[in-house]
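The values are calculated or read from the model by the stated rules, or taken from the named source; none is laboratory data. Since we're looking at a predicted model, the values are computed, not measured. As a convention, Cβ positions derive from the backbone with ideal geometry for all residues, glycine included, and neighbour counts pool all protein chains shown.
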Amino acid sequence: MHKPAITQEPIDATIAARWSGRAYDGQKVVSKEQIIALLEAARWAPSCYGDQPWRFVVWDKNADADDWQKAFDCISPGNQPWVKDAPVLVLACADTLFNHNQQPNRWAEYDTGAAAENLCLQAASMGLMAHQMGGFSPDAAREAFQVPEQYTLMAMISVGYPAEISSLEGDVLSRETAERKRRPLNELFFANGWNQPVV
């Protein structure tokens, strides 16, 4: 499906095209080169002090199906029916301490989100689809993949080529075909003071 954002003013086509779809083509492989391009996009995100607090763990079903399955098993049952066809899974983690001085980094999660969005936008620019999920077990993923306690497990991201929506059914199909919506600009963005409409 193609569901571009309907915007009040024109925005970059890649941003408008990016959306969190659920219908993946399980037969199409995401190449190693494509995966590296996604990670390069994440690597060049901005961060406080240039500290780059993000750490991503990547599972490619076509390279190592067993480890991909271990990651898949950490995903919530509500997401598994559509994630099962995504050939790549990514776990985004945030370092709670600054690298340069080992002090608490209160911006780590913010910066990791920026890196994750860079990955998602790069995916959209390449004709891929990336879907970020909070629906997974951080405890299970930490244990399965030995993620140190210093890191906060933020999100799982599924990546792959979009498929026809005929591969979906029930509530997942309803969500996939629902109209894309965002709150009005003036509910989210203010000019010169809190709750003062920007337009």
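Couple of notes before you dig in:
- Given (1) at pLDDT 95 or above; (2) in a loop (DSSP other than H, G, I, E, B); (3) surrounded by fewer than 14 Cβ atoms within 10 Å (Cβ to Cβ), number of the condition Glu40 does not satisfy: (2)
- Val198, sole failed condition from (1) touching a His at 6+ places or on another chain (Cβ under 8 Å); (2) of a type outside the set (D, E, K, R); (3) exposed (fewer than 12 other Cβ atoms within 10 Å of the Cβ): (1)
- Conditions (1) modelled with pLDDT of 95 or more; (2) under 25 Å from Ser31 (Cβ atoms): number failed by Ser76: (2)
- Answer residue from segment 137-186, given it is under 19 Å from the mean Cα position of the chain (by Cα) and of a type in the set (Ser, Thr, Tyr) and is surrounded by the most Cβ atoms within 10 Å (Cβ to Cβ) among those: Ser158
- Restricting attention to segment 47-71 and to residues that are within 29 Å of Trp107 (Cα to Cα) and assigned to a helix (DSSP H, G or I), the residue that is nearest to the chain's Cα centre (by Cα) turns out to be Ala71.
- Scanning segment 104-122 for residues that are surrounded by 22 or more Cβ atoms within 10 Å (Cβ to Cβ) and either outside any helix (DSSP H, G or I) or modelled with pLDDT under 95 (or both) yields a single hit, Asn105.
- For segment 60-73, a residue qualifies if it is out of contact with any Pro (no Cβ under 9 Å at 6 or more places or on another chain) and either crowded, with 19+ Cβ neighbours inside 10 Å or not polar (S, T, N, Q) (or both), and the qualifying residues are Ala63, Asp64, Ala65, Asp66, Asp67, Lys70, Ala71, Phe72, Asp73.
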